[in-house]
Amino acid sequence: MAIDQLRAIAALAVQHQICMHVDAAWGGALLLSKKYRDYLDGIESADSIMLDFHKQFFQPIRCSAFLLKEAGH
């Protein structure tokens, strides 16, 4: 499993004035874990996040979410 250092990437995004997107299609379920939540430290800095519930929770139907920090986007 490879998880990027989200806080460091967020700092670079701010420095270069670019948006930060997190593809949490698989790893997003870690947000629900007390033990592994820290792996996603900094995800709240993302401008957008992709979650695939069918992958994370092994659902037989397609169920995804594309979340945006700014409602106007």
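If we keep just the residues of the range 37-48 that are part of a helix (DSSP H, G or I) and charged (D, E, K, R), which is least open to solvent (accessible area, probe 1.4 Å)?
Only one residue tops the list, namely ARG37.
To keep it simple, each residue is scored yes or no on (1) assigned to a helix (DSSP H, G or I); (2) exposed (fewer than 15 other Cβ atoms within 10 Å of the Cβ).
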site: VAL22; (1), (2): no, no
site: LEU30; (1), (2): yes, no
site: LYS35; (1), (2): no, yes
site: MET50; (1), (2): no, no
site: GLN59; (1), (2): no, yes
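Mind checking which pairs have a first residue in the range 48-73 that is in contact (Cβ under 8 Å) with a residue 24 or more places away in the chain and charged (D, E, K, R) and a second that is assigned to a loop (DSSP other than H, G, I, E, B) and surrounded by 15 or more Cβ atoms within 10 Å (Cβ to Cβ), Cβ under 6 Å, 6 or more apart or different chains?
ASP52/ALA25; LYS55/ALA25
Among the charged types (D, E, K, R) and in contact (Cβ under 8 Å) with a residue 12 or more places away in the chain: does that describe ASP38?
Against the criterion (among the charged types (D, E, K, R) and in contact (Cβ under 8 Å) with a residue 12 or more places away in the chain), ASP38 does not qualify.
The values are calculated or read from the model by the stated rules, or taken from the named source; none is laboratory data. Because the structure is a prediction, the values reported are computed rather than measured. Using ideal geometry, Cβ is built from the backbone for each residue, glycine included, and neighbour counts are taken over all protein chains shown. Keep in mind that these areas ignore ligands, DNA and RNA; they rest on the heavy atoms of the full protein, side chains included. Shrake-Rupley method; radii C 1.70, N 1.55, O 1.52, S 1.80 Å.
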